[in-house]
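Derivation of every value follows stated rules applied to the coordinates shown; laboratory data play no part. In this text, all values refer to a predicted model and were calculated from it rather than measured experimentally. Note: ideal-geometry Cβ built from the backbone for every residue, glycine included; neighbour counts use all protein chains shown.
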Amino acid sequence: MKSPLSFRKGIPFFCNKSESDFRKDVYEQYESMVVRQSALHLADQVWGKYPLQPILDFAADFYPDGSVQNILEIGSGVGRWIATLAQLYPHASCWGIDYSYQMLKRANEYWILGQDLFIDLSNRGFDSTHTLKGHRLTNLNLGLSKASNLPFSNNSQDLVLNSFLLDRLDEPMKGLMEMYRVLRPKGKLIVVTPLNFNHVTHWKTLYPANKIYDVLSQMGFSIEEWKEELIIQEPLDFRGNVVTWNCLAFVGVKYPAISN
Ligand SMILES: C[S@@+](CC[C@H](N)C(=O)[O-])C[C@H]1O[C@@H](n2cnc3c(N)ncnc32)[C@H](O)[C@@H]1O
């Protein structure tokens with residue numbers, strides 16, 4: 001694994017991020033992004049259930065059995081999925097990589113440093129506030145890097161995950177190639193993405209979804225599961241308004257496997 005270039009409040013930076021990069025990155029915006037992601041991913045009791053549970057349910061059938069050493073989530077945001085894995089595999093080293101320092105800081109405070117989190121959704125019509133008890137996960141690590149240049153060695157990860165990331169990337173092909181590079185042979189990639197691309201070229205090259213299937217196959221993934229309609233409803237407010245996301249969910253296995 002590469003060494004960090006610097007640290008900020010204990011979070012390793014594996015790439016440089018200039019002040020202008022910070023300003024340009026919408027995911028560094030505290031109110032609109034970190035607060036929204038924290039409410040969505042951490043405050044189950046506000047919504048009555050975890051809104052992204054369908055992702056965890058989809059993925060659970062494909063988690064590896066037995067000894068798992070290294071698990072990586074890319075675009076881990078406030079850390080719910082990778083923290084779930086860290087609890088499920090207490091002997092594995094789990095990494096959440098994200099390009100947003102603010103997301104990583106929130107995840108670090110809540111999942112690793114054990115700081116309680118105060119959730120106030122009065123601006124969404126809720127009249128009660130919630131204090132969420134922080135965790136102290138010792139096998140979870142967080143770091144700042146880009147999906148297109150991961151700080152991990154070739155063939156090092158047993159499981160690589162990401163949700164709501166692929167269609168946000170400026171360079172989704174590079175992201176997929178990095179996921180392939182860091183996975184060990186027979187390692188698994190689990191992706192859930194709405195295919196809500198920002199760039200015309202990405203719509204042309206990666207849509208409809210069978211183009212992604214072809215890209216993955218050419219890279220050397222064998223597709224273990226392919227589901228083109230995984231519906232996620234993101235709750236917005238007390239009244240029950242939601243954003244509906246129609247996601248592609250897939251599981252790829254890295255081949256060729258190296259036989260011993
Ligand atoms: C829409 S949020 C999704 C967060 C979480 N995975 C989820 O399912 O809700 C996208 C996340 O990906 C991160 N991200 C965006 N571009 C990235 C990149 N090039 N490399 C790593 N992370 C990136 C953002 O900072 C943000 O935390």
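Which ones in the range 154-169 are surrounded by fewer than 23 Cβ atoms within 10 Å (Cβ to Cβ), within 10 Å of the ligand (Cβ to nearest atom) and either in a loop (DSSP other than H, G, I, E, B) or in contact (Cβ under 8 Å) with a residue 60 or more places away in the chain (or both)?
Initially, the range 154-169 is screened for residues surrounded by fewer than 23 Cβ atoms within 10 Å (Cβ to Cβ), giving 154-156, 158, 164-165, 167-168.
Now restrict to residues that are within 10 Å of the ligand (Cβ to nearest atom): 164-165, 167-168.
Answer for the range 154-169, where residues must be surrounded by fewer than 23 Cβ atoms within 10 Å (Cβ to Cβ), within 10 Å of the ligand (Cβ to nearest atom) and either in a loop (DSSP other than H, G, I, E, B) or in contact (Cβ under 8 Å) with a residue 60 or more places away in the chain (or both): F164, L165, R168.
Residues that are surrounded by 13 or more Cβ atoms within 10 Å (Cβ to Cβ) and either among the small types (G, A, S) or touching a Gly at 6+ places or on another chain (Cβ under 7 Å) (or both) within the range 230-247 comprise just one, F238.
Looking only at the range 22-37, which residues are within 11 Å of the ligand (Cβ to nearest atom) and surrounded by 12 or more Cβ atoms within 10 Å (Cβ to Cβ)? Spell out how you get there, then give the answer.
Step one: list which residues in the range 22-37 are within 11 Å of the ligand (Cβ to nearest atom), which gives 25-29, 33-34, 36-37.
Selection gives D25, Y27, E28, Q29, M33, V34, R36, Q37.
The requirement of being crowded, with 16+ Cβ neighbours inside 10 Å and of a type outside the set (A, V, I, L, M, F, W, C) is not satisfied by T205.
Looking across A59, A92, A107, A83, one residue alone is of a type in the set (G, A, S) and closer than 21 Å to T244 by Cβ. It is A59. Evaluated against (1) within 16 Å of the ligand (Cβ to nearest atom); (2) touching a strand residue (DSSP E or B) at 6+ places or on another chain (Cβ under 9 Å), Q102 falls short on exactly one condition, (2).
Just to check your reading of the model, which residue among P172, P151, P185 is within 15 Å of the chain's Cα centre (by Cα) and either within 13 Å of the ligand (Cβ to nearest atom) or touching a residue at least 12 places away in the same chain (Cβ under 8 Å) (or both)?
Details: P151 fails: within 15 Å of the chain's Cα centre (by Cα); P185 fails: within 15 Å of the chain's Cα centre (by Cα).
The conditions single out P172.
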